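Student: Please read through the structure below; I'll follow up with questions.
The values are calculated or read from the model by the stated rules, or taken from the named source; none is laboratory data. The structure presented is a predicted model; accordingly, all values stated were derived computationally and were not measured. Heads up, the Cβs are rebuilt from the backbone with ideal geometry, glycines too, and the neighbour counts pull from every protein chain shown.
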Amino acid sequence: MNRLGVRLGTAAAVLLVCGGGPFALTFPQRSAFLARQEPRACGLVARSSPFGEVTSCIDLGRRTPPLPAAGHVFLLLETSSGPAVVRVDYSGTDDATFRATAVEVPTWESPGISHETGERLKTGTEGRGGLKTQPWTVHPA
């Protein structure tokens, strides 16, 4: 039984190093890229918003997932057709060739939404006929 435990421990360590290595090597680069792009997200979405004119945009935060995607930035938009929460999905980490798409998300998926704002968003979403779950391109590669 002792040999089995050692072998299982060794196998687990190998899997951790092989599986976690690529993540650990790319995470800092993806996180730095997202930190540079986050302040620009409002401008990207405002130029191509399917909700009409964007009158206000608040950055709600960002996430760098463990998967190959560069990351996500969450925005609270006030638009001519009502409020919306948008997630901007980035792929690629080169500042010149990255791609960004946006999609409206439910309030529970976004960080930092108060109950009062959530109710306003729910009313705005219902007024538009539901969430716009079809992504749109905000920055081509």
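Student: Condition test on ASP89, is it in a loop (DSSP other than H, G, I, E, B) and either in contact (Cβ under 8 Å) with a residue 60 or more places away in the chain or surrounded by 11 or more Cβ atoms within 10 Å (Cβ to Cβ) (or both)?
Tutor: In short, no.
Student: Go through the residues of segment 4-20 one by one and say whether even a single one is assigned to a helix (DSSP H, G or I), at pLDDT 70 or above and more than 16 Å from the chain's Cα centre (by Cα).
Tutor: No, that holds for no residue.
Student: Separate question: Suppose we filter segment 95-117 for residues that are in a loop (DSSP other than H, G, I, E, B) and either in contact (Cβ under 8 Å) with a residue 60 or more places away in the chain or surrounded by 17 or more Cβ atoms within 10 Å (Cβ to Cβ) (or both); how many remain?
Tutor: Residues flagged as in a loop (DSSP other than H, G, I, E, B) and either in contact (Cβ under 8 Å) with a residue 60 or more places away in the chain or surrounded by 17 or more Cβ atoms within 10 Å (Cβ to Cβ) (or both) within segment 95-117 amount to 5.
Student: Which residue is nearest to the chain's Cα centre (by Cα), if the candidates are limited to segment 118-139 and must be surrounded by 19 or more Cβ atoms within 10 Å (Cβ to Cβ) and β-branched (Val, Ile, Thr)?
Tutor: VAL138
Student: Considering only residues that are touching a helix residue (DSSP H, G or I) at 6+ places or on another chain (Cβ under 8 Å) and of a type in the set (Val, Ile, Thr), look in segment 74-128 and name the one that is farthest from GLY61 (Cα to Cα).
Tutor: THR93
Student: Any residue at all in segment 45-52 that's part of a helix (DSSP H, G or I) and either in contact with a Ser or Thr (Cβ under 6 Å, 6 or more places away or on another chain) or of a type in the set (A, V, I, L, M) (or both)?
Tutor: Yes, some residue in segment 45-52 is part of a helix (DSSP H, G or I) and either in contact with a Ser or Thr (Cβ under 6 Å, 6 or more places away or on another chain) or of a type in the set (A, V, I, L, M) (or both).
Student: A further question on this structure: Quick check, is THR55 assigned to a strand (DSSP E or B) and loosely packed, with under 14 Cβ neighbours inside 10 Å?
Tutor: yes
Student: Do you know which residues across segment 99-108 are out of contact with any Asp or Glu (no Cβ under 8 Å at 6 or more places or on another chain) and at pLDDT 90 or above?
Tutor: Across segment 99-108, the qualifying residues are ARG99, GLU104, VAL105, PRO106.
Student: For segment 47-105, enumerate the residues that are β-branched (Val, Ile, Thr) and touching a strand residue (DSSP E or B) at 6+ places or on another chain (Cβ under 8 Å).
Tutor: Result: VAL54, THR55, ILE58, THR64, VAL73, THR79, VAL85, VAL86, VAL88, THR101, VAL103, VAL105.
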